[in-house]
1. Per residue, how big is the convex hull around the C-alpha atoms of region 1-153? Give it to me in cubic angstrom, could you?
2. Rounded to the nearest Å, what's the spacing between the alpha carbon centres of region 163-215 and region 10-43? Just the number, please.
3. Over all directions, the average projected area of the alpha-carbon convex hull for the chain comes to how many nm²?
4. Mind checking the angle between helix 160-173 and the chain's longest principal axis? C-alpha axes, 0 to 90 degrees, to the nearest 10.
5. Given q = 0.10, 0.16, 0.23, 0.24 Å⁻¹, what are the Debye log10 I(q)/I(0) values for region 109-212, with equal point scatterers placed on the Cα positions and solvent ignored?
6. Can you compute the FRET efficiency between residue 99 and residue 232 using 1/(1 + (r/R0)^6), with r the Cβ-Cβ distance and R0 = 41 Å? Round to the nearest 0.05.
7. Give me the Debye-computed log₁₀ of I(q)/I(0) at q = 0.12, 0.15 Å⁻¹ for region 196-303, equal point scatterers on Cα only, no solvent, two decimals.
8. Where both residues lie in the chain, what percent of DSSP beta bridges are antiparallel, nearest 5?
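Please treat every number below as a calculation from the coordinates, not as lab data. Keep in mind it's a predicted model, so treat the numbers as computed, not measured. Positions of Cβ are backbone-derived with ideal geometry, glycine not excepted, and every protein chain shown enters the neighbour counts.
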């Protein structure tokens, strides 16, 4: 049986690259047949990475069958995984997020969750000496994942180990880190072809806060004016997305990578309350700038309150 390796819904660069990395490791190093899969269309940055390193986009799947052997990477949250995930034969979880709970396995499994900025960093360390055997494309994917998740070390989730692995990979590949990161972020910022609903769901996760459910969406960009120029239509669509996705509210943060700040769209009093109570902000219009806010995992989600 071929093992399926996949990350979370709405795959970003880490949830696109890490399945490819680990499927390569299982197949080529461990001699166990494995294939990378995706749980949705990857974002523009992830597509750029696939093209840049001549990697084939993994097949997109929406379900898993009972008893299928799988490895979950870059999440351990059942809400970000296919329905029926607990009926599959989960062999391992490799992740860097908080432990959510709710996943049930057929037996004891190998779980690695470490406080670093990127799943790919963990994979580099799990490989040990075998990491040197990675082909150029897999090394490129790993470098890209870490640069994406750390926002080229701007994110407060960045650790010394993330920096060390990037330095090793960039040296092996002959890549200038800043130049390459700028190429990635430019690709991520090109969102003109996406509908408002696609933008809202592109990098988003569901969370419960104070008895209300939220879809917390983050748009990381070097050109915040592009989505903010669509502010009115985005706020209108946020209501539609909330209804369709079965949540009470959508929180949309436009993260300016270069200025290291986030702009939160404020369409109603509920979101205004969230902004003021969570971030100590004073809201006077339909947006509020939150200086220094870069990370959903470390700065946004832990602070959300009503």
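1. Details: hull volume 16.1 nm³, N = 153.
Dividing the Cα hull volume of region 1-153 by its residues yields 105 Å³.
2. Here the two parts' Cα centres lie 17 Å apart.
3. Working: hull surface 59.6 nm².
That works out to 14.9 nm².
4. Once rounded, the angle reads 60 degrees.
5. Each listed q maps to, in turn, -0.36, -0.82, -1.23, -1.28.
6. After rounding, the FRET efficiency stands at 0.55.
7. Log10 of I(q)/I(0), two decimals: -0.34, -0.55.
8. Details: 15 of 41 bridges.
Around 35 percent antiparallel, to the nearest 5.
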